[in-house]
1. Using Cα centres only, tell me the gap between region 17-33 and region 259-308 in whole Å.
2. State to the nearest 20 debye the size of the charge dipole of the chain about its Cα centre, where the only charges are +1 on K and R beta carbons and -1 on D and E beta carbons.
3. What accessible area per residue comes out for the chain, rounded to a whole number of Å², with a 1.4 Å probe?
4. If you place +1 on the Cβ of every Lys and Arg and -1 on the Cβ of every Asp and Glu, how big does the dipole about the Cα centre of region 237-286 come out, in debye to the nearest 20?
5. Normalised by the number of residues in region 214-301, what is the relative contact order in percent for Cα pairs under 8 Å and 6+ residues apart?
6. Could you grab the relative contact order for the chain? Cα pairs under 8 Å, six or more apart, rounded to a whole percent.
7. Antiparallel versus total DSSP beta bridges in the chain: what percent is that, nearest 5?
8. Summing +1 for each Lys or Arg and -1 for each Asp or Glu, what net charge is found among the other residues whose Cβ lies under 10 Å from the Cβ of I331?
Amino acid sequence: GSPPPPLMNTMRAVVARQYGTPESLKLEDVSKPAAGPKDVLVKVRAASIGKGDWHLLTGKPFMIRLLFGLTRPKFPVLGSDVAGVVEAMGAEVTSLALGDEVFGDMSQYGFGAFAQFVCAPADAFCLKPANIGFGEAAAIPTSGLTALAALRKFGRVQKGQKVLIIGASGGVGSFAVQLAANLLGADVSAVCGTRSVEKVKQLGAKRVWDYNKEDFTLSGERFDVVIDTACARSISDVRKVLAPVSTYVLVGGGNMLSLAAFGSLRLKRGQKIEMAMLGPERKKDLEVLKGCAEEGTLVPLIDSRQPLARVPDAIRKIGEGGMQGKLVIDIP
């Protein structure tokens with residue numbers, strides 16, 4: 001016969017009981033969270049997967065374990081980017097109403113997006129941009145917030161400055177190109193792989209180098225701000241494209257920690273290195289991203305969409321890299 005219906009107080013979730021490969025993830029019934037007085041319970045309609053989810057699953061680099069559990073994940077249900085509908089809320093919540101369509105970043109609140117429900121303080125959520133679907137909204141938070149912080153807070157990008165985005169077709173990179181060009185009015189160039197060149201031009205980059213065919217460091221161009229989401233090149237290579245007074249912002253990737261530790265020793269006086277990190281004040285920035293999405297100046301680039309049961313495959317794909325934009329998980 002048919003399987004028994006799930007109990008009212010349980011939900012389906014993708015669970016990581018130990019660090020390991022995507023195969024170690026299990027789709028299980030777990031207890032449904034309950035909203036405290038300041039909390040909102042959201043019925044998840046979509047989540048998205050980022051490189052952070054791969055790091056949290058594998059426990060690599062080791063720094064992850066120092067933050068999120070030495071021997072096994074402190075938060076077994078992964079996933080930070082979420083969009084859905086307010087299902088219940090605590091008595092003290094005034095900023096949202098039942099039935100509101102919302103999106104948010106759960107990484108400060110114990111993760112949990114790869115599930116049928118998430119629960120977090122009301123401040124974790126903003127109203128979803130009205131003109132886009134749940135999947136598109138779920139693609140925005142972590143990557144969009146990181147791109148905005150890299151450009152505004154760490155790169156201090158000004159109108160008319162020359163900005164280079166390395167890794168422009170990934171989640172953070174594809175948002176950074178659009179935000180630099182449309183929100184901040186910069187003159188944007190970009191580096192990406194062959195199949196993404198035309199797409200990245202459509203997003204707003206005036207000049208795009210295909211790293212399979214040409215070496216951007218030999219272009220003779222100089223940039224005021226370089227945003228590097230790949231961190232695959234040495235500091236002596238990147239130095240060739242930095243203007244005398246410039247900022248090199250590290251967002252993620254292979255050599256990020258060594259570049260952050262030793263890179264500045266190889267730079268001239270007016271050049272500096274910044275490591276983009278998300279601060280605690282995210283809601284204002286999420287509202288900025290919402291506004292850009294509603295104006296049509298920020299359009300999430302989505303690589304593919306999968307159901308909840310395919311989260312392990314999607315995280316494996318993230319680990320392999322080379323994607324165009326974000327991986328979205330639809331949760332009906």
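1. Region 17-33 and region 259-308 have Cα centres spaced 29 Å from each other.
2. 1000 debye
3. Roughly 45 Å² per residue, with all protein chains present.
4. Dipole about the Cα centre, nearest 20: 180 debye.
5. Working: 108 pairs, mean separation 21.6, N = 88.
It rounds to 25 percent for region 214-301.
6. Working: 769 pairs, mean separation 62.7, N = 332.
Taking the mean separation of contacting Cα pairs over the length of the chain, I get 19 percent.
7. 55 percent
8. Working: positive: R12, K43, R45; negative: D330.
Here the count lands on +2.
The values are calculated or read from the model by the stated rules, or taken from the named source; none is laboratory data. Because the structure is predicted, anything quoted here is derived from the model rather than measured. FYI the Cβ positions are ideal-geometry reconstructions off the backbone, even for glycines, and counts take in every protein chain you see. Note: areas computed on protein heavy atoms with side chains; ligands, DNA, RNA excluded. Shrake-Rupley method; radii C 1.70, N 1.55, O 1.52, S 1.80 Å.
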